[in-house]
Amino acid sequence: MNETRADMEADPEVAPEVLKARFGRDIARDFDLDDPMFNDRFDEVLTFMVNKCPISYSKAGTGYHLVNTNEQVRRVAQDWRTFSSAKGYMPNRPEGLPYLMPEESDPPMHTNWRHKLNPHMSPKVIATYEDVIRKDCNVLIDTFIEKGECEFISEFGALLPGWAFFKNVLGVPIDDLAMLVEGVEQGTFALPAEERPAHMARVFTYLDTHLRWRATQPKRGDVIDTILEGVIYDDGTEAPWDHKVSILVDLTFGGIATTTFVMSSAIHYLAMHPEVRQQLIDDPSLIENAIEEFSRVFPPVIALGRTCTRDVEVAGTEMKEGDFVMLTWGAASRDPRAMEEPEKIDIKRETILHSTFGVGPHRCIGSNLARLELTATIEEWLRRIPEFSVREGTAPVYVTGFLRSMRELQLVWPK
Amino acid sequence: MRVKIDGEHCTGHGRCAKYAPNVFILDDDGYNADRSNEIDVPAGEEENAKRGMKSCPERAITLVAE
């Protein structure tokens, strides 16, 4: 294991020509999140990076550092004064993409909003959505159970998180979900990246219109009313309208673009591992721990970025003021310095330490909702469809950038 | 056993309260209600408390005394 930049440079396994021969590129010094090789060899690359490259570098666009170990990711994520979110979390951010609040801001502005929004997403409040979410799992399963087959993503995985979020949190009809999912997906993965802002613009326009309409309606006391009410920033000014819209976009983005991947990956894993499926059926109390383990190894958010506010050293690498640095959550969650046998998927793991919901003040605000969706899905799925497998001759289709997503998963079960 | 909850670094992951609900209490935002305080771990809850502590992605809970 290498701890610093100097260790890495001295390691023959990390020599540029060795990496080029093994991965087709020098992933220590010329990594690219958008490289199809990363999508295809995801686990292998993350494991290599966390073990061998405490810090790697990408020459994509204007370039960015990647911090890969559990300890250093935590240090950087917690030190928001040195590593700012105010210039955005995307590397090589396309022109014309508005910043998302509160995710792309720092304290105290960030704190003002989180104090207002947190109560809507607390474990207590989220728990009141359980019956609706469980019922929705069954409504979706009813649509395909008798066929003995489904394409999991389009028939369940991409729908349930959107339904859960729209019905319980946003209070908007689910009719427009498909358009928003498409906008968010294309806004994230479309290549060339210059096309992404136009897709995100559709999402902004839709949610702006919705927010304007809600401002004319009687109050419901929900998160939308809280956003409309706004906050006063520390300089005494009121949060402007575009910040309010971007909060709604940020919540929606998180609500529909992430949980699907953990859910689909967990179902895929259970399709491939009947013995684990049986353990969960025999003892449903294991499901909670299993979900943490699945969240650890199937992270939808691979890495998010910060901008250095001053010159700083991380793991023996000099970073300059203005440098962009990605926190590789996905690598930090499989760090052998912080856990035993990280490459092994073990639903009975005693302690599960992971960074899938981020670290630091920007911790995923929807983490409690995501966990509830995952619990309801696995419990209801195993109750209704205890035996299932991946359709022979098919395999899941993935797409990866700074997020990872599954596009297709064909399942079959006895009718 | 005594533990201390870091006031700045708790960000509401809620893992501590999941593994040791009799030790760690969450406030209405889902953050540790004892931020910046030391708390006594009730007898018999030590293992749960340690599990909660080790699962904290922020490392915001530290052991003060065994």
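Check whether at least one residue in the range A:268-288 is on the phi > 0 side of the Ramachandran plot and either in contact with a Phe, Trp or Tyr (Cβ under 8 Å, 6 or more places away or on another chain) or open to solvent by 10 Å² or more (accessible area, probe 1.4 Å) (or both), and report yes or no.
Scanning the range A:268-288 turns up no residue that is on the phi > 0 side of the Ramachandran plot and either in contact with a Phe, Trp or Tyr (Cβ under 8 Å, 6 or more places away or on another chain) or open to solvent by 10 Å² or more (accessible area, probe 1.4 Å) (or both).
Just to be sure, is A:Thr82 touching a Lys or Arg at 6+ places or on another chain (Cβ under 9 Å) and more than 13 Å from chain B (Cβ to nearest Cβ)? First the steps, then the outcome.
On the way: touching a Lys or Arg at 6+ places or on another chain (Cβ under 9 Å): yes; more than 13 Å from chain B (Cβ to nearest Cβ): yes.
So A:Thr82 passes the test.
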Checklist line | Hits in the range A:109-142 - residues which are under 18 Å from B:His13 (Cα atoms), more than 9 Å from every other protein chain (Cβ to nearest Cβ) and among the hydroxyl-bearing types (Ser, Thr, Tyr) | finding: A:Thr111
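Results for (1) at pLDDT below 95; (2) touching a Ser or Thr at 6+ places or on another chain (Cβ under 9 Å); (3) assigned to a loop (DSSP other than H, G, I, E, B), shown as yes or no for each residue.
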| site | (1), (2), (3) |
| --- | --- |
| B:Thr11 | no, no, yes |
| B:Ser36 | yes, no, yes |
| B:Cys56 | no, no, yes |
| B:Thr62 | no, no, no |
Next item on the list: From B:Pro42, B:Pro21, grab the single residue that is under 10 Å from the mean Cα position of the chain (by Cα), part of a loop (DSSP other than H, G, I, E, B) and surrounded by fewer than 17 Cβ atoms within 10 Å (Cβ to Cβ).
Entry: B:Pro21
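Can you tell me how many residues in the range A:219-267 are of a type in the set (Asp, Glu) and open to solvent by 40 Å² or more (accessible area, probe 1.4 Å)? Steps first, please.
Filtering the range A:219-267 down to residues of a type in the set (Asp, Glu) leaves A:222, A:225, A:229, A:234-235, A:238, A:242, A:250.
Among the residues that remain, those that are also open to solvent by 40 Å² or more (accessible area, probe 1.4 Å) are: A:229, A:234-235, A:238, A:242.
Total satisfying the criteria: 5.
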Item checked: In the range A:33-90, the residues that are open to solvent by 50 Å² or more (accessible area, probe 1.4 Å) and more than 19 Å from A:Arg310 (Cα to Cα) -> A:Asp34, A:Pro36, A:Asp40, A:Arg41, A:Asp43, A:Glu44, A:Lys59, A:Gly61, A:Glu71
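Inside the range A:341-367, can you point out the residues that are more than 11 Å from chain B (Cβ to nearest Cβ) and open to solvent by 20 Å² or more (accessible area, probe 1.4 Å)?
Residues of the range A:341-367 that are more than 11 Å from chain B (Cβ to nearest Cβ), as a first pass: A:341-348, A:366.
Residues satisfying the conditions are A:Glu341, A:Glu343, A:Lys344, A:Ile345, A:Asp346, A:Lys348.
When you check B:Lys50 against the structure, is it surrounded by 18 or more Cβ atoms within 10 Å (Cβ to Cβ) and either over 18 Å from A:Ser367 (Cα atoms) or more than 14 Å from chain A (Cβ to nearest Cβ) (or both), yes or no?
On the way: surrounded by 18 or more Cβ atoms within 10 Å (Cβ to Cβ): yes; either over 18 Å from A:Ser367 (Cα atoms) or more than 14 Å from chain A (Cβ to nearest Cβ) (or both): yes.
Against the criterion (surrounded by 18 or more Cβ atoms within 10 Å (Cβ to Cβ) and either over 18 Å from A:Ser367 (Cα atoms) or more than 14 Å from chain A (Cβ to nearest Cβ) (or both)), B:Lys50 qualifies.
Please go through the range A:158-178 and give me each residue that is among the aliphatic types (A, V, I, L, M) and touching a helix residue (DSSP H, G or I) at 6+ places or on another chain (Cβ under 8 Å), ordered by number.
Residues of the range A:158-178 that are among the aliphatic types (A, V, I, L, M), as a first pass: A:158-160, A:164, A:169-170, A:172, A:174, A:177-178.
Once the filter is applied, which keeps residues that are among the aliphatic types (A, V, I, L, M) and touching a helix residue (DSSP H, G or I) at 6+ places or on another chain (Cβ under 8 Å), the range A:158-178 yields A:Ala158, A:Leu159, A:Leu160, A:Ala164, A:Val169, A:Leu170, A:Val172, A:Ile174, A:Leu177.
Here's the yes/no breakdown for (1) within 14 Å of another protein chain (Cβ to nearest Cβ); (2) closer than 13 Å to A:Ala303 by Cβ:
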{"residue": "A:Glu17", "(1), (2)": "no, no"}
{"residue": "A:Ala21", "(1), (2)": "no, no"}
{"residue": "A:Ala28", "(1), (2)": "no, no"}
{"residue": "A:Leu33", "(1), (2)": "no, yes"}
{"residue": "A:Met37", "(1), (2)": "no, no"}
{"residue": "A:Thr47", "(1), (2)": "no, no"}
{"residue": "A:Lys59", "(1), (2)": "no, no"}
{"residue": "A:Glu71", "(1), (2)": "yes, no"}
{"residue": "A:Arg74", "(1), (2)": "yes, no"}
Note to self: Which count do you get for residues in the range A:359-407 that are in contact with a strand residue (DSSP E or B) (Cβ under 7 Å, 6 or more places away or on another chain) and either hydrophobic (A, V, I, L, M, F, W, C) or closer than 27 Å to A:Ile247 by Cβ (or both)?
What the structure shows: 9
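Got a sec? Which of B:Arg35, B:Arg59 is open to solvent by 60 Å² or more (accessible area, probe 1.4 Å) and either in contact with a strand residue (DSSP E or B) (Cβ under 7 Å, 6 or more places away or on another chain) or among the small types (Gly, Ala, Ser) (or both)? Walk me through it before giving the result.
Values: B:Arg59 fails: either in contact with a strand residue (DSSP E or B) (Cβ under 7 Å, 6 or more places away or on another chain) or among the small types (Gly, Ala, Ser) (or both).
Checking each option against the conditions leaves just B:Arg35.
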Next item on the list: Please find, among A:Thr356, A:Thr328, the residue that is in contact with a Leu (Cβ under 9 Å, 6 or more places away or on another chain), touching a residue at least 40 places away in the same chain (Cβ under 8 Å) and hydroxyl-bearing (Ser, Thr, Tyr).
Entry: A:Thr328
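Please determine whether any residue of the range A:90-97 is closer than 24 Å to A:Asp335 by Cα and either under 18 Å from the mean Cα position of the chain (by Cα) or of a type outside the set (A, V, I, L, M, F, W, C) (or both). Step through it out loud before you land on a result.
Taking the range A:90-97 first, the residues closer than 24 Å to A:Asp335 by Cα are A:90-91.
Next cut, either under 18 Å from the mean Cα position of the chain (by Cα) or of a type outside the set (A, V, I, L, M, F, W, C) (or both) only: A:90-91.
Within the range A:90-97, one or more residues are closer than 24 Å to A:Asp335 by Cα and either under 18 Å from the mean Cα position of the chain (by Cα) or of a type outside the set (A, V, I, L, M, F, W, C) (or both).
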Next item on the list: Give me a count of the residues in the range A:5-31 that are crowded, with 17+ Cβ neighbours inside 10 Å and either in a helix (DSSP H, G or I) or modelled with pLDDT under 95 (or both).
Entry: 5
Next item on the list: Output the residue which, of all residues in the range A:330-340 that are open to solvent by 10 Å² or more (accessible area, probe 1.4 Å) and within 15 Å of A:Asp43 (Cβ to Cβ), is nearest to the chain's Cα centre (by Cα).
Entry: A:Arg334
Check: Which numbered condition trips up A:Met326, out of (1) away from every other protein chain (no Cβ under 14 Å); (2) of a type outside the set (S, T, N, Q); (3) touching a Gly at 6+ places or on another chain (Cβ under 9 Å); (4) open to solvent by 10 Å² or more (accessible area, probe 1.4 Å)?
Finding: (4)
Check: In the set B:Asp28, B:Asp6, B:Asp40, which member is of a type in the set (Asp, Glu), in contact with a helix residue (DSSP H, G or I) (Cβ under 8 Å, 6 or more places away or on another chain) and either farther than 16 Å from A:Arg363 by Cβ or more than 8 Å from chain A (Cβ to nearest Cβ) (or both)?
Finding: B:Asp28
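The values are calculated or read from the model by the stated rules, or taken from the named source; none is laboratory data. Quantities reported herein were computed from a predicted structural model and do not represent experimental measurements. Cβ sites come from the backbone with ideal geometry, for glycine too, and all protein chains shown count toward neighbours. We work out accessible area using only protein heavy atoms, side chains counted, and drop any ligands, DNA or RNA first. Shrake-Rupley method; radii C 1.70, N 1.55, O 1.52, S 1.80 Å.
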